[in-house]
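Structure, as C-alpha coordinates:
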Amino acid sequence: MSRSPMIVRTVPALRRTLDGLRARKATIALVPTMGALHDGHVSLVRLAKRRARKVIVSIFVNPAQFAPTEDFGSYPRTWKADVSKLAAEDVDLIWNPDVKVMYPEGFATRIVPEGPAIAGLEDRFRPHFFGGVATVVGKLFTQVRPDFAIFGEKDFQQLRVVAQMAGDLDLGVKVMGSRTVRERDGLAMSSRNVYLTSAERQVAPVLYRAMKESAQRLRAGDDVETAMAGGAELIANAGLVLDYFEARHAETLAPIAAAKDGPVRILVAARLGKTRLIDNIGV
Ligand code: PAF
(Lines give C-alpha, C1' and ligand atoms only; values in the text may rest on other atoms or scores of the structure.)
Protein backbone atom coordinates (compact mmCIF):
# COMPACT_ATOMS: atom_id res chain seq x y z
CA MET A 1 0.00 0.00 0.00
CA SER A 2 1.35 3.46 -0.88
CA ARG A 3 1.88 6.01 1.84
CA SER A 4 1.66 9.76 1.22
CA PRO A 5 5.07 11.45 1.10
CA MET A 6 5.83 14.05 3.74
CA ILE A 7 5.31 17.53 2.25
CA VAL A 8 7.73 20.22 3.41
CA ARG A 9 7.50 23.92 2.52
CA THR A 10 10.04 25.78 4.68
CA VAL A 11 13.82 25.59 4.89
CA PRO A 12 13.96 25.08 8.71
CA ALA A 13 11.45 22.19 8.50
CA LEU A 14 13.47 20.67 5.65
CA ARG A 15 16.71 20.98 7.67
CA ARG A 16 15.14 19.31 10.72
CA THR A 17 13.83 16.39 8.69
CA LEU A 18 17.09 15.92 6.81
CA ASP A 19 19.15 16.10 10.02
CA GLY A 20 17.01 13.24 11.35
CA LEU A 21 17.60 11.16 8.20
CA ARG A 22 21.33 11.81 8.24
CA ALA A 23 21.57 10.90 11.92
CA ARG A 24 20.22 7.51 10.83
CA LYS A 25 22.91 7.40 8.11
CA ALA A 26 20.33 7.34 5.31
CA THR A 27 21.62 8.05 1.80
CA ILE A 28 19.52 10.64 0.02
CA ALA A 29 18.65 11.06 -3.66
CA LEU A 30 17.05 14.24 -4.96
CA VAL A 31 14.89 14.43 -8.09
CA PRO A 32 14.41 18.12 -8.99
CA THR A 33 11.20 18.78 -10.95
CA MET A 34 8.79 21.55 -11.82
CA GLY A 35 5.82 19.21 -11.28
CA ALA A 36 3.35 18.25 -14.05
CA LEU A 37 4.81 14.82 -13.57
CA HIS A 38 4.69 12.15 -16.30
CA ASP A 39 6.22 8.72 -16.78
CA GLY A 40 9.59 10.31 -17.54
CA HIS A 41 9.66 11.76 -14.02
CA VAL A 42 8.53 8.42 -12.60
CA SER A 43 11.55 6.77 -14.21
CA LEU A 44 13.82 9.37 -12.51
CA VAL A 45 12.23 8.51 -9.17
CA ARG A 46 12.75 4.79 -9.79
CA LEU A 47 16.44 5.35 -10.55
CA ALA A 48 16.70 7.48 -7.39
CA LYS A 49 15.17 4.66 -5.36
CA ARG A 50 17.74 2.22 -6.70
CA ARG A 51 20.55 4.56 -5.64
CA ALA A 52 19.56 5.79 -2.19
CA ARG A 53 17.51 4.83 0.85
CA LYS A 54 15.51 8.06 0.91
CA VAL A 55 14.11 9.86 -2.10
CA ILE A 56 13.20 13.53 -2.11
CA VAL A 57 11.37 15.07 -5.07
CA SER A 58 11.33 18.85 -5.33
CA ILE A 59 8.38 20.50 -7.05
CA PHE A 60 9.10 24.13 -7.78
CA VAL A 61 8.21 26.06 -10.93
CA ASN A 62 11.27 28.25 -11.05
CA PRO A 63 10.50 31.77 -12.30
CA ALA A 64 14.22 32.51 -12.74
CA GLN A 65 14.51 30.19 -15.73
CA PHE A 66 11.61 31.68 -17.72
CA ALA A 67 11.97 34.80 -19.87
CA PRO A 68 9.11 37.34 -19.51
CA THR A 69 7.78 36.17 -22.92
CA GLU A 70 7.73 32.50 -21.87
CA ASP A 71 5.10 30.30 -20.22
CA PHE A 72 5.77 30.70 -16.48
CA GLY A 73 2.13 31.74 -15.83
CA SER A 74 0.59 28.96 -17.91
CA TYR A 75 3.13 26.20 -17.14
CA PRO A 76 1.00 23.13 -16.24
CA ARG A 77 0.48 22.78 -12.49
CA THR A 78 -1.02 19.45 -11.44
CA TRP A 79 -0.31 19.28 -7.70
CA LYS A 80 -2.87 16.64 -6.64
CA ALA A 81 -2.01 14.25 -9.46
CA ASP A 82 1.72 14.79 -8.77
CA VAL A 83 1.34 13.88 -5.09
CA SER A 84 -0.62 10.71 -6.00
CA LYS A 85 2.06 9.66 -8.49
CA LEU A 86 4.82 10.21 -5.94
CA ALA A 87 2.86 8.36 -3.25
CA ALA A 88 2.48 5.40 -5.62
CA GLU A 89 6.28 5.39 -6.03
CA ASP A 90 6.77 5.50 -2.27
CA VAL A 91 8.69 8.78 -2.33
CA ASP A 92 9.71 9.89 1.16
CA LEU A 93 9.45 13.66 0.93
CA ILE A 94 8.23 16.38 -1.42
CA TRP A 95 10.13 19.65 -1.12
CA ASN A 96 7.64 22.27 -2.29
CA PRO A 97 8.88 25.75 -1.42
CA ASP A 98 6.93 28.86 -2.36
CA VAL A 99 8.62 31.45 -4.62
CA LYS A 100 9.10 33.67 -1.54
CA VAL A 101 10.85 30.83 0.29
CA MET A 102 13.20 30.16 -2.62
CA TYR A 103 13.77 33.83 -3.49
CA PRO A 104 13.00 35.89 -0.39
CA GLU A 105 12.71 39.66 -0.57
CA GLY A 106 16.19 41.08 -1.25
CA PHE A 107 17.55 37.90 -2.88
CA ALA A 108 20.50 39.11 -4.97
CA THR A 109 22.72 36.18 -5.95
CA ARG A 110 22.82 34.39 -9.28
CA ILE A 111 25.04 31.56 -10.51
CA VAL A 112 26.36 32.27 -14.03
CA PRO A 113 27.44 28.95 -15.56
CA GLU A 114 29.88 28.77 -18.46
CA GLY A 115 31.39 25.75 -20.32
CA PRO A 116 28.44 23.59 -21.46
CA ALA A 117 26.05 26.45 -20.63
CA ILE A 118 27.48 28.55 -23.46
CA ALA A 119 27.79 25.79 -26.07
CA GLY A 120 25.58 27.65 -28.55
CA LEU A 121 22.55 25.33 -28.27
CA GLU A 122 19.68 26.19 -25.88
CA ASP A 123 21.65 29.20 -24.63
CA ARG A 124 21.44 30.79 -28.10
CA PHE A 125 17.65 30.80 -27.97
CA ARG A 126 17.02 31.07 -24.20
CA PRO A 127 19.93 33.18 -22.88
CA HIS A 128 18.33 33.53 -19.43
CA PHE A 129 17.74 29.79 -18.99
CA PHE A 130 20.90 28.20 -17.62
CA GLY A 131 21.58 31.02 -15.15
CA GLY A 132 18.10 30.42 -13.74
CA VAL A 133 18.52 26.65 -13.69
CA ALA A 134 22.01 26.77 -12.13
CA THR A 135 20.84 29.20 -9.45
CA VAL A 136 17.82 27.13 -8.40
CA VAL A 137 19.61 23.77 -8.65
CA GLY A 138 22.54 25.23 -6.68
CA LYS A 139 20.01 26.23 -4.01
CA LEU A 140 18.26 22.84 -4.10
CA PHE A 141 21.62 21.10 -3.66
CA THR A 142 22.60 23.23 -0.69
CA GLN A 143 19.14 22.94 0.87
CA VAL A 144 18.90 19.15 0.53
CA ARG A 145 22.61 18.18 0.38
CA PRO A 146 21.75 14.94 -1.46
CA ASP A 147 24.22 12.13 -2.14
CA PHE A 148 22.71 11.68 -5.62
CA ALA A 149 20.68 13.93 -7.91
CA ILE A 150 18.83 12.55 -10.89
CA PHE A 151 18.08 14.54 -14.07
CA GLY A 152 16.48 13.43 -17.33
CA GLU A 153 18.73 13.09 -20.38
CA LYS A 154 15.92 14.74 -22.34
CA ASP A 155 17.35 18.11 -21.21
CA PHE A 156 20.84 17.02 -22.17
CA GLN A 157 22.57 20.40 -22.05
CA GLN A 158 20.95 21.08 -18.66
CA LEU A 159 22.31 17.76 -17.38
CA ARG A 160 25.82 18.72 -18.50
CA VAL A 161 25.51 22.22 -16.97
CA VAL A 162 24.34 20.90 -13.61
CA ALA A 163 27.02 18.17 -13.49
CA GLN A 164 29.71 20.76 -14.29
CA MET A 165 28.40 23.13 -11.62
CA ALA A 166 28.22 20.40 -8.95
CA GLY A 167 31.84 19.45 -9.67
CA ASP A 168 33.15 23.00 -9.95
CA LEU A 169 31.54 24.08 -6.68
CA ASP A 170 32.46 20.89 -4.77
CA LEU A 171 28.82 20.35 -3.89
CA GLY A 172 29.47 16.72 -2.98
CA VAL A 173 26.56 15.34 -4.99
CA LYS A 174 26.79 12.73 -7.73
CA VAL A 175 24.72 14.00 -10.66
CA MET A 176 23.21 11.18 -12.69
CA GLY A 177 21.36 11.20 -16.02
CA SER A 178 18.37 8.98 -16.69
CA ARG A 179 17.30 7.80 -20.16
CA THR A 180 14.57 9.71 -21.95
CA VAL A 181 11.17 8.03 -21.77
CA ARG A 182 9.28 8.10 -25.07
CA GLU A 183 5.72 7.64 -26.21
CA ARG A 184 5.16 4.59 -28.43
CA ASP A 185 5.69 6.71 -31.56
CA GLY A 186 9.01 8.08 -30.31
CA LEU A 187 7.96 11.50 -29.00
CA ALA A 188 9.97 12.28 -25.86
CA MET A 189 7.74 12.74 -22.81
CA SER A 190 7.59 16.34 -21.64
CA SER A 191 5.30 18.37 -19.41
CA ARG A 192 4.92 20.79 -22.33
CA ASN A 193 3.49 18.13 -24.71
CA VAL A 194 0.03 19.05 -23.34
CA TYR A 195 0.33 22.28 -25.36
CA LEU A 196 0.26 20.34 -28.68
CA THR A 197 -2.99 20.24 -30.65
CA SER A 198 -3.98 16.77 -31.84
CA ALA A 199 -2.75 17.57 -35.37
CA GLU A 200 0.60 18.77 -33.99
CA ARG A 201 0.83 15.70 -31.77
CA GLN A 202 0.69 13.51 -34.90
CA VAL A 203 3.58 15.43 -36.47
CA ALA A 204 5.84 15.81 -33.41
CA PRO A 205 7.53 12.35 -33.56
CA VAL A 206 9.32 13.48 -36.74
CA LEU A 207 12.03 14.85 -34.44
CA TYR A 208 12.92 11.38 -33.21
CA ARG A 209 12.77 9.91 -36.73
CA ALA A 210 15.05 12.67 -38.04
CA MET A 211 17.59 12.18 -35.26
CA LYS A 212 17.64 8.44 -35.87
CA GLU A 213 18.14 8.94 -39.59
CA SER A 214 21.04 11.35 -39.08
CA ALA A 215 22.57 9.07 -36.44
CA GLN A 216 22.44 6.18 -38.87
CA ARG A 217 24.15 8.28 -41.57
CA LEU A 218 26.86 9.35 -39.13
CA ARG A 219 27.46 5.74 -38.14
CA ALA A 220 27.68 4.84 -41.83
CA GLY A 221 30.54 7.34 -42.22
CA ASP A 222 28.86 10.48 -43.59
CA ASP A 223 30.44 13.75 -42.44
CA VAL A 224 28.39 15.78 -39.96
CA GLU A 225 27.21 18.36 -42.47
CA THR A 226 25.79 15.77 -44.88
CA ALA A 227 24.34 13.55 -42.14
CA MET A 228 22.55 16.43 -40.40
CA ALA A 229 21.22 18.00 -43.62
CA GLY A 230 18.99 14.94 -44.29
CA GLY A 231 17.40 15.00 -40.82
CA ALA A 232 16.94 18.78 -40.89
CA GLU A 233 15.10 18.50 -44.21
CA LEU A 234 12.71 15.87 -42.78
CA ILE A 235 11.87 18.21 -39.89
CA ALA A 236 11.39 21.28 -42.08
CA ASN A 237 9.21 19.31 -44.53
CA ALA A 238 6.93 18.30 -41.63
CA GLY A 239 6.31 22.02 -40.97
CA LEU A 240 8.42 22.55 -37.83
CA VAL A 241 10.68 25.59 -37.49
CA LEU A 242 14.15 24.49 -36.44
CA ASP A 243 16.12 26.37 -33.80
CA TYR A 244 19.00 23.89 -34.08
CA PHE A 245 19.69 20.34 -35.24
CA GLU A 246 23.29 19.50 -34.41
CA ALA A 247 25.75 16.72 -33.72
CA ARG A 248 28.01 17.60 -30.79
CA HIS A 249 30.60 15.93 -28.58
CA ALA A 250 28.48 14.20 -25.91
CA GLU A 251 30.65 15.37 -22.99
CA THR A 252 31.91 18.83 -23.92
CA LEU A 253 29.06 19.69 -26.33
CA ALA A 254 31.74 21.09 -28.68
CA PRO A 255 31.03 20.95 -32.45
CA ILE A 256 32.50 17.92 -34.25
CA ALA A 257 33.17 17.13 -37.89
CA ALA A 258 32.57 13.35 -37.97
CA ALA A 259 31.47 10.44 -35.77
CA LYS A 260 35.10 9.54 -35.06
CA ASP A 261 35.43 12.82 -33.08
CA GLY A 262 32.79 11.54 -30.60
CA PRO A 263 31.14 10.18 -28.42
CA VAL A 264 28.42 11.98 -30.35
CA ARG A 265 25.05 13.36 -29.27
CA ILE A 266 22.50 14.70 -31.71
CA LEU A 267 20.48 17.57 -30.22
CA VAL A 268 17.41 19.27 -31.64
CA ALA A 269 15.08 22.13 -30.77
CA ALA A 270 12.15 23.08 -33.00
CA ARG A 271 8.93 25.01 -32.82
CA LEU A 272 5.63 23.39 -33.72
CA GLY A 273 2.83 25.93 -33.59
CA LYS A 274 3.13 27.58 -30.17
CA THR A 275 5.12 24.72 -28.63
CA ARG A 276 8.89 24.49 -28.51
CA LEU A 277 10.16 20.89 -28.41
CA ILE A 278 13.66 19.70 -27.55
CA ASP A 279 15.15 16.23 -27.79
CA ASN A 280 18.43 14.38 -28.25
CA ILE A 281 19.88 10.92 -28.79
CA GLY A 282 23.30 9.27 -28.52
CA VAL A 283 24.92 8.07 -31.75
O1 PAF B 1 14.21 20.18 -15.76
C2 PAF B 1 13.49 20.80 -14.97
O3 PAF B 1 12.35 20.42 -14.67
C4 PAF B 1 13.99 22.11 -14.36
O5 PAF B 1 14.79 22.80 -15.25
C6 PAF B 1 14.72 21.89 -13.01
C7 PAF B 1 15.97 21.04 -13.19
C8 PAF B 1 13.78 21.22 -12.02
C9 PAF B 1 15.15 23.24 -12.43
O10 PAF B 1 14.06 24.07 -12.22
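The values are calculated or read from the model by the stated rules, or taken from the named source; none is laboratory data. Source: prediction; values computed, not measured. Methodologically, a virtual Cβ is constructed for each residue, glycine included, from the backbone with ideal geometry; neighbour enumeration extends over all protein chains shown. Heavy atoms of the whole protein, side chains included, go into the accessibility calculation; ligands, DNA and RNA do not. Shrake-Rupley method; radii C 1.70, N 1.55, O 1.52, S 1.80 Å.
If I ask for residues that are out of contact with any Phe, Trp or Tyr (no Cβ under 9 Å at 6 or more places or on another chain) and either open to solvent by 10 Å² or more (accessible area, probe 1.4 Å) or not aliphatic (A, V, I, L, M) (or both), which ones from the range 149-179 would you list? Before you say what the answer is, go through the steps one by one.
Pass one, the range 149-179, residues out of contact with any Phe, Trp or Tyr (no Cβ under 9 Å at 6 or more places or on another chain): 150-156, 160, 164, 167-168, 170, 179.
Matches in the range 149-179: Phe151, Gly152, Glu153, Lys154, Asp155, Phe156, Arg160, Gln164, Gly167, Asp168, Asp170, Arg179.
Do we find that Leu207 is assigned to a helix (DSSP H, G or I) and modelled with pLDDT of 95 or more in this structure?
Yes, satisfied.
Based on what the data block shows, is Ala67 farther than 18 Å from Asp147 by Cβ, within 13 Å of the ligand (Cβ to nearest atom) and either modelled with pLDDT of 95 or more or surrounded by fewer than 20 Cβ atoms within 10 Å (Cβ to Cβ) (or both)?
no
Conditions tested, residue by residue: (1) assigned to a loop (DSSP other than H, G, I, E, B); (2) touching a residue at least 40 places away in the same chain (Cβ under 8 Å).
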{"site": "Gly35", "(1), (2)": "yes, yes"}
{"site": "Leu44", "(1), (2)": "no, yes"}
{"site": "Val55", "(1), (2)": "no, no"}
{"site": "Val61", "(1), (2)": "yes, no"}
{"site": "Thr69", "(1), (2)": "yes, no"}
{"site": "Ala87", "(1), (2)": "no, yes"}
{"site": "Phe107", "(1), (2)": "yes, no"}
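Look through the range 150-165, keep the residues that are more than 9 Å from the ligand (Cβ to nearest atom) and not in a helix (DSSP H, G or I), and return whichever of them is nearest to the chain's Cα centre (by Cα).
Filtering the range 150-165 for residues that are more than 9 Å from the ligand (Cβ to nearest atom) and not in a helix (DSSP H, G or I), the one nearest to the chain's Cα centre (by Cα) comes out as Glu153.
Scan Ala52, Ala26 and give me the residue that is surrounded by fewer than 16 Cβ atoms within 10 Å (Cβ to Cβ), away from the ligand (no atom under 14 Å from the Cβ) and of a type in the set (Gly, Ala, Ser). Please lay out each step first, then the result.
Numbers: Ala52 fails: surrounded by fewer than 16 Cβ atoms within 10 Å (Cβ to Cβ).
After applying the criteria, what remains is Ala26.
With assigned to a loop (DSSP other than H, G, I, E, B), of a type outside the set (Val, Ile, Thr) and open to solvent by less than 40 Å² (accessible area, probe 1.4 Å) as the only criterion, which of Leu253, Leu277, Leu267 stands out?
Numbers: Leu277 fails: assigned to a loop (DSSP other than H, G, I, E, B); Leu267 fails: assigned to a loop (DSSP other than H, G, I, E, B).
Of the residues listed, the single one that is assigned to a loop (DSSP other than H, G, I, E, B), of a type outside the set (Val, Ile, Thr) and open to solvent by less than 40 Å² (accessible area, probe 1.4 Å) is Leu253.
Pro146 passes all but one of (1) more than 12 Å from the ligand (Cβ to nearest atom); (2) surrounded by 21 or more Cβ atoms within 10 Å (Cβ to Cβ); (3) farther than 16 Å from Arg51 by Cβ; (4) not aromatic (Phe, Trp, Tyr); which number fails?
(3)
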